[in-house]
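Colleague: Sending over a structure as structure tokens; questions will come in a sec.
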Amino acid sequence: MPFGLCNAAQTFQRFMYDIVGDLDYCFVYLDNVLIASTDESEHLKHLEEVFRRFQKYGLVVNTEKCVFGQLSVKFLGYLISEKGIESLPHRFKAINEFQQPKTIKVLRRFLALLNFYRRFLKNAAHEQSLLSDYLKGAKKNYTRLINWTEEEKLAFESCKNSLAMSTLLVYPSPDARLSLTCDASDRALGSVLSQEENGEWKPLSFFSRKLTPAEQRYSVYDRELLAVYASVHHFSYTLEGRNFTIYTDHKPLIYAFTQKHEKCSPRLIRYPDWIGQFSTDMRHISGSLNVVADSLSRISEIEMPSPIDYKEFAKVQLSDEEFQLLNSCTNSLKFQLLKVPGMDTELFCDISTGRCRPFVPKEFRRRIFETLHNLSHPGVKATVKLVGDHFLWPGYKKQVAEWTRCCVPCQRGKIQRHTDIKAEIVAFEFYANWIAIFGVPERFTSDKGRQFESRLFREFARLLGVKVVHTIPYHPQANGSVERLHRQLKSAIRAHATERWTVVLPSILLGIRVSVKEPLNCSVAEMVYGTPITLPGEFFSVNKTLSTNDFLASLQQRMSSLRPIPMSQHCRKKVFVHKELNNCSHVFLRQDRLTKSLVPPYSGPHLVVSRTSKRFTIQVGSRQQTVSIDRLKPAFQLADIQPFRVSFSI
């Protein structure tokens with residue numbers, strides 16, 4: 001066979017198969033021949049038969065490249081033994097020593113090396129999803145530098161460690177029972193094909209792949225059905241003509257073969273019809289038992305790394321000149337050395353206000369601000385109050401106020417409210433989440449939403465003794481408290497600039513609940529629980545033990561002091577123009593076109609090219625655009641400060 005012919009490999013493979021293809025103990029791939037035997041005597045007979053055929057067809061064997069009578073052998077990049085198929089140990093070293101890729105080209109090489117053993121990895125698609133996003137739209141030898149985030153660094157290390165945790169795959173048996181366990185998450189789908197040996201299920205192979213953007217928008221039912229469809233399609237060469245059971249942790253899916261077609265979409269008809277050609281035995285398995293396939297969609301632990309190195313914090317605190325000056329001079333502050341709970345580190349804290357407020361050195365101030373402000377991106381006053389209640393440093397009010405004003409996500413995501421807004425009030429399990437916790441309210445105010453106008457809800461309110469009050473149509477000021485909460489919640493979600501807003505929603509709600517309300521001079525959490533709650537990054541808490549009589553007296557005094565706050569008077573509708581617009585170098589541009597609910601309403605910051613009394617010319621991308629001043633607001637920037645980002649790894 002001459003070299004260089006495009007079909008040389010295929011021709012040689014057919015030639016080798018014609019020679020030994022009828023021998024069920026001989027496996028051949030080009031010039032690689034594997035002979036499997038049960039014992040030594042049988043192995044000698046098999047070798048003799050293979051050599052006889054090689055001699056007949058004139059094939060020559062290089063003995064220096066051959067091994068005989070081995071219990072395990074390296075074949076086509078795998079370690080094959082009597083136990084099953086494994087990945088080669090030396091590949092672990094090559095992958096574990098792989099440095100963090102700096103370019104797209106090197107990252108592609110790493111993923112190719114890892115995916116050679118993809119069939120051994122339980123959740124390859126899910127673990128590699130963040131890394132594979134870099135390859136979207138990139139050419140083969142693209143050398144663009146990668147800007148790694150903390151979450152992506154953790155994903156890279158997890159991919160490296162996954163091969164060391166790879167599973168031994170057993171050999172398929174034609175008489176063994178088979179099962180296919182499937183599951184889908186919001187980003188990937190996966191499955192494991194297993195066979196029963198001695199009453200125990202052992203894996204034959206794993207399958208996983210990332211969902212496309214369109215598939216990620218499927219409902220939970222559709223994604224779970226897609227996982228079964230894709231898994232059966234992938235293992236069709238093994239499942240065809242075999243009896244097997246499909247397991248899923250989504251119980252409604254077991255009725256996929258019995259649902260009426262007139263109520264289904266074409267996809268929900270097509271997928272079960274194709275799956276039914278292989279098996280209609282689909283059973284439910286609880287999520288706690290679906291430990292293999294469910295690893296793609298169930299998060300066993302959420303790790304929230306601390307943004308503060310306590311030991312370094314204590315070391316820098318002692319050498320801080322401002323702290324030494326405050327601690328040595330006479331003032332109202334009272335510093336005391338307190339131990340950080342759960343650690344051997346001690347910090348100097350001010351206890352003059354009744355709360356433990358650690359003194360923050362210069363190196364950690366921006367970090368502390370980002371940790372608290374990024375909870376829900378509150379306004380200037382609320383952020384200053386939030387930081388001042390838990391930490392201390394000279395001039396923190398002015399510095400925190402400036403940082404808050406210059407927060408780009410806040411400026412881009414928060415709309416300056418000078419006109420009426422309208423928002424829907426949605427009732428969510430009114431009895432379970434309100435009455436069961438806070439009791440029956442005296443009055444229920446709604447904006448005539450249909451869910452509150454039904455006969456069922458009216459009868460429900462009558463039985464509970466709740467007076468239902470309606471606001472004036474299209475006049476949201478009449479229910480301003482709820483409207484204000486919705487506005488603050490949406491602004492905070494926009495400021496986080498993330499598609500997975502459900503991940504940061506608990507932190508946003510925490511920030512809203514601990515933000516101080518200006519008229520009341522206390523937070524919502526204090527009004528509900530009677531005491532401030534502990535925040536992430538708050539090291540110390542003061543435990544005050546009060547007698548029953550003292551507590552009741554304090555509570556009665558506090559409750560008797562509560563009075564309705566008069567509503568503030570808002571100005572008539574008019575065009576609002578920032579006074580800083582005349583001097584700023586950059587501005588944010590309000591997007592008036594129709595957008596999704598959580599898309600930031602402002603773009604920018606944009607460079608100001610020229611300005612008049614009513615119009616500005618700004619640089620938008622590669623072109624200049626003239627816009628009215630009522631669509632602009634000034635951009636406050638701190639060019640010399642890089643914001644500290646707190647990452648949440650899941």
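Colleague: Could you say which residue among Pro174, Pro203 is at pLDDT below 80 and within 32 Å of the chain's Cα centre (by Cα)?
Modeller: Pro203
Colleague: Tell me whether segment 180-192 contains one or more residues that are surrounded by fewer than 22 Cβ atoms within 10 Å (Cβ to Cβ), at pLDDT 85 or above and either aliphatic (A, V, I, L, M) or not assigned by the TED database to the domain that holds Leu268 (or both).
Modeller: So far as segment 180-192 goes, no, none of its residues is surrounded by fewer than 22 Cβ atoms within 10 Å (Cβ to Cβ), at pLDDT 85 or above and either aliphatic (A, V, I, L, M) or not assigned by the TED database to the domain that holds Leu268 (or both).
Colleague: Would you check which residues across segment 10-28 are loosely packed, with under 12 Cβ neighbours inside 10 Å and within 22 Å of Ser81 (Cβ to Cβ) and list them?
Modeller: Asp24
Colleague: What is the residue count in segment 236-253 for residues that are without any contact (Cβ under 8 Å) to a residue 60 or more places away in the chain and closer than 27 Å to Ser173 by Cβ?
Modeller: 4
Colleague: Among what's in segment 45-74 and is hydrophobic (A, V, I, L, M, F, W, C) and surrounded by 12 or more Cβ atoms within 10 Å (Cβ to Cβ), pick the residue that is modelled with the lowest pLDDT.
Modeller: Val73
Colleague: Here's something else I'd like to know. Specify the residue that is farthest from Ala184 (Cα to Cα); the eligible residues are those in segment 195-211 that are free of Cβ contacts under 8 Å to residues at least 60 places away in the same chain and crowded, with 19+ Cβ neighbours inside 10 Å.
Modeller: Out of the qualifying residues, it is Gln195.
Colleague: Which one of Ser300, Ser295 is within 30 Å of Leu226 (Cα to Cα), part of a loop (DSSP other than H, G, I, E, B) and at pLDDT below 60?
Modeller: After applying the criteria, what remains is Ser300.
Colleague: Quick one: in segment 212-235, which of the residues that are hydrophobic (A, V, I, L, M, F, W, C) and without any contact (Cβ under 8 Å) to a residue 40 or more places away in the chain is surrounded by the fewest Cβ atoms within 10 Å (Cβ to Cβ)?
Modeller: Filtering segment 212-235 for residues that are hydrophobic (A, V, I, L, M, F, W, C) and without any contact (Cβ under 8 Å) to a residue 40 or more places away in the chain, the one surrounded by the fewest Cβ atoms within 10 Å (Cβ to Cβ) comes out as Ala214.
Colleague: I'd like the residue in segment 310-341 that is modelled with pLDDT under 75 and surrounded by 13 or more Cβ atoms within 10 Å (Cβ to Cβ) and, out of all such residues, is farthest from Gly190 (Cα to Cα).
Modeller: Val340
Colleague: Filter segment 213-248 for residues that are more than 16 Å from Ser286 (Cα to Cα) and assigned to a strand (DSSP E or B) and give the result.
Modeller: Across segment 213-248, the qualifying residue is only Phe244.
Colleague: Also, quick follow-up: Out of Val380, Val384, report the one residue that is of a type in the set (A, V, I, L, M, F, W, C), surrounded by fewer than 18 Cβ atoms within 10 Å (Cβ to Cβ) and outside the structural domain of Val503 (by the TED database).
Modeller: Selected residue: Val380, the only one of Val380, Val384 that is of a type in the set (A, V, I, L, M, F, W, C), surrounded by fewer than 18 Cβ atoms within 10 Å (Cβ to Cβ) and outside the structural domain of Val503 (by the TED database).
Colleague: Quick check on my filter: what residues within segment 354-397 are in a loop (DSSP other than H, G, I, E, B) and among the hydrophobic types (A, V, I, L, M, F, W, C)?
Modeller: If the condition is that a residue be in a loop (DSSP other than H, G, I, E, B) and among the hydrophobic types (A, V, I, L, M, F, W, C), then Cys356, Val360, Leu375, Phe391, Trp393 are the ones that fit.
Colleague: Please go through segment 31-44 and pick out each residue that is outside any strand (DSSP E or B) and exposed (fewer than 12 other Cβ atoms within 10 Å of the Cβ).
Modeller: Selection gives Thr38, Asp39, Glu40, Ser41.
Colleague: Assigned to a helix (DSSP H, G or I), at pLDDT below 75 and over 30 Å from Leu130 (Cβ atoms): does that describe Asp592?
Modeller: No; evaluated as a whole, the condition is false for this residue.
Colleague: Look at Lys105 and say whether it is under 27 Å from the mean Cα position of the chain (by Cα) and modelled with pLDDT of 75 or more.
Modeller: yes
Colleague: Could I ask something else about it? Of the residues Ala432, Ala436, Ala478, Ala495, only one is modelled with pLDDT of 75 or more and either of a type outside the set (Val, Ile, Thr) or under 30 Å from Asp186 (Cα atoms) (or both); which?
Modeller: Exactly one of Ala432, Ala436, Ala478, Ala495 is modelled with pLDDT of 75 or more and either of a type outside the set (Val, Ile, Thr) or under 30 Å from Asp186 (Cα atoms) (or both), namely Ala495.
Colleague: Out of the residues in segment 508-528 that are surrounded by fewer than 18 Cβ atoms within 10 Å (Cβ to Cβ) and either within 25 Å of the chain's Cα centre (by Cα) or among the small types (Gly, Ala, Ser) (or both), state the one that is modelled with the lowest pLDDT.
Modeller: Looking at the filtered set, the residue picked out is Ala525.
The values are calculated or read from the model by the stated rules, or taken from the named source; none is laboratory data. No experiment lies behind these values; they were computed from the predicted model shown. Backbone-built Cβ (ideal geometry, glycine too); neighbour counts: all protein chains shown.
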